[in-house]
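The values are calculated or read from the model by the stated rules, or taken from the named source; none is laboratory data. If you're wondering where the values come from, they're calculated on a predicted model, not measured in any experiment. Cβ sites come from the backbone with ideal geometry, for glycine too, and all protein chains shown count toward neighbours.
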């Protein structure tokens, strides 16, 4: 697409955008990389066939651990943000 049609950021960065005022859907592509020895604290609610695939190095069959505690995030109960982003905003005037 034309310049400005893609936006790359770290998923941990607080971000947002205005409503989709176009007639087309807002597309989304999520890629996540992590260390091979890092283990997820919660299940992926949108799993991929590529989950757990090692893209560099080799499978160590080990998990890295540290001595700390963390509260897991609540599971969403509302409509997914994917659906909210896909729907164009109706014309109000």
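Determine whether segment 39-60 contains at least one residue that is more than 25 Å from residue 74 (Cα to Cα), touching a residue at least 24 places away in the same chain (Cβ under 8 Å) and surrounded by 10 or more Cβ atoms within 10 Å (Cβ to Cβ). Outline the logic, then answer.
Here is the first cut: in segment 39-60, the residues more than 25 Å from residue 74 (Cα to Cα) are 53-60.
From the residues that got through so far, the ones that are touching a residue at least 24 places away in the same chain (Cβ under 8 Å) too are 60.
With surrounded by 10 or more Cβ atoms within 10 Å (Cβ to Cβ) added as a condition, the list becomes 60.
Yes: one or more hits.
Output yes when any residue across segment 61-70 is surrounded by 10 or more Cβ atoms within 10 Å (Cβ to Cβ), in a loop (DSSP other than H, G, I, E, B) and without any contact (Cβ under 8 Å) to a residue 12 or more places away in the chain, and no when none is. Talk me through it step by step, then tell me what you get.
Residues of segment 61-70 surrounded by 10 or more Cβ atoms within 10 Å (Cβ to Cβ): 64.
After this cut, where a residue has to be in a loop (DSSP other than H, G, I, E, B) as well, the list is 64.
Within this subset, residues satisfying the condition of being without any contact (Cβ under 8 Å) to a residue 12 or more places away in the chain are none.
Taking every residue of segment 61-70 in turn, none turns out to be surrounded by 10 or more Cβ atoms within 10 Å (Cβ to Cβ), in a loop (DSSP other than H, G, I, E, B) and without any contact (Cβ under 8 Å) to a residue 12 or more places away in the chain.
If residue 66 satisfies all but one of (1) touching a helix residue (DSSP H, G or I) at 6+ places or on another chain (Cβ under 9 Å); (2) at pLDDT 75 or above, what's the number of the condition it fails?
(1)
Go through segment 1-37 residue by residue and tally those that are in contact (Cβ under 8 Å) with a residue 12 or more places away in the chain, exposed (fewer than 10 other Cβ atoms within 10 Å of the Cβ) and within 22 Å of residue 69 (Cα to Cα).
The number of residues fulfilling the criteria is 2.
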